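Trainee: Before we start, here is the structure in question, set down as structure tokens.
The values are calculated or read from the model by the stated rules, or taken from the named source; none is laboratory data. Quick caveat: nothing in here was measured; it's all calculated off a predicted structure. Quick reminder, even Gly has a Cβ in these numbers, built from the backbone with ideal geometry, and neighbours come from all protein chains shown.
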């Protein structure tokens, strides 16, 4: 992925427009010191929940995330869950934007939304971090690793999230969930997906662990300090739940399996020269930070196949929304058309690593 096409803001798309005056009235009653009028821009990135930058009359900035318009798949676009997890994590060892309010009243802007503080900082899309020195890249990767380990070692029950998901049986439930989502949005036959739908449930690892998981932990969902290798906010918690930490870690580590170039991967690059750790080094650092023993290779490869399957399901959902005219991003066609590629890569790795 090219970072330039996803970075920054744009005018609000026709389909996602809402009545600004109604939002101003709503926020004036709920946000202390709120100063209309509002200027509204839409962030370019994000395929799922449309996200907007609001600038108030006094220059204060906020971020609004809403459910998209149109008919939605079951359990998707859970902005109320996002708001709950932000509220639980704010002030913890896991940095998140400051949650401000949740609006479940569709009459205000047409769909449920929440408001949070704007986390100013740097947002990177290209995992090769062009323009940085090797030492700067190494520091960014260390920080990503540290924050993920902090998330997985957080006492989620003490944070008020004991009922945020069902403990145990995570992989089996996720395979079933994403299989249903894929079927609900299927637009063509993909043989690799059919094979994965049969293979994955039959090869779930026996061990069960439960932590809070982000579900979409990757470089572009992190906001870094403007001048330091420090994460100031982890964003886009839509897929968060209680789940297996290795599902989160392996999803994050998929970038090492994807070819460099258009798909935004690291495979085939001279990582030591760039200052970027290898997949093995990165996973080992995480295990040290999280206080866990090294991961058994067969378990790790299952996790990788599972996550590529999940990516294929997500991309298929984007394609379906595109065809129905509800996709939030102008880049949905490109992402949706890559569902087949993700499924085929997953099945290829199953055959290579686990045959």
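Trainee: Which of the residues belonging to segment 268-304 are free of Cβ contacts under 8 Å to residues at least 24 places away in the same chain and under 21 Å from the mean Cα position of the chain (by Cα)?
Mentor: Of everything in segment 268-304, nothing turns out to be free of Cβ contacts under 8 Å to residues at least 24 places away in the same chain and under 21 Å from the mean Cα position of the chain (by Cα).
Trainee: Then there is this: Restricting attention to segment 248-267, and to residues there that are in contact (Cβ under 8 Å) with a residue 60 or more places away in the chain, farther than 30 Å from residue 113 by Cβ and in contact with a strand residue (DSSP E or B) (Cβ under 7 Å, 6 or more places away or on another chain), which single residue is surrounded by the most Cβ atoms within 10 Å (Cβ to Cβ)?
Mentor: 258
Trainee: Tally time: how many residues in segment 218-245 are within 14 Å of residue 48 (Cβ to Cβ) and touching a residue at least 24 places away in the same chain (Cβ under 8 Å)?
Mentor: So the count comes out to 8.
Trainee: Can you tell me which of 288, 298, 310 is at pLDDT 95 or above and at negative phi?
Mentor: None of the other options fit; the residue is 288.
Trainee: Give 294, 272, 277, 245 a once-over and let me know the one that is assigned by TED's automatic domain parsing to the domain that holds residue 220 and either under 26 Å from residue 186 (Cβ atoms) or in contact with a strand residue (DSSP E or B) (Cβ under 9 Å, 6 or more places away or on another chain) (or both).
Mentor: Matching residue, one of 294, 272, 277, 245: 245.
Trainee: Can you name every residue in segment 268-317 that is over 19 Å from residue 145 (Cβ atoms) and outside any helix (DSSP H, G or I)?
Mentor: Those that are over 19 Å from residue 145 (Cβ atoms) and outside any helix (DSSP H, G or I): 268, 270, 296.
Trainee: Just the residues that are over 29 Å from residue 285 (Cβ atoms), in a helix (DSSP H, G or I) and in contact with a helix residue (DSSP H, G or I) (Cβ under 6 Å, 6 or more places away or on another chain), please, taken from segment 177-195.
Mentor: 179, 181, 182, 185, 192, 193, 195
Trainee: Report yes if residue 233 is assigned by TED's automatic domain parsing to the domain that holds residue 340 and in a strand (DSSP E or B), otherwise no.
Mentor: Answer is yes for this residue.
Trainee: Of the residues that sit in segment 151-176 and are assigned to a helix (DSSP H, G or I) and touching a residue at least 60 places away in the same chain (Cβ under 8 Å), which one is farthest from residue 198 (Cα to Cα)?
Mentor: 151
Trainee: Still on this structure, please answer the following. May I ask you to verify whether residue 105 is in the same structural domain as residue 17 (by TED's automatic domain parsing), surrounded by fewer than 18 Cβ atoms within 10 Å (Cβ to Cβ) and either touching a residue at least 60 places away in the same chain (Cβ under 8 Å) or within 21 Å of residue 78 (Cα to Cα) (or both)?
Mentor: yes
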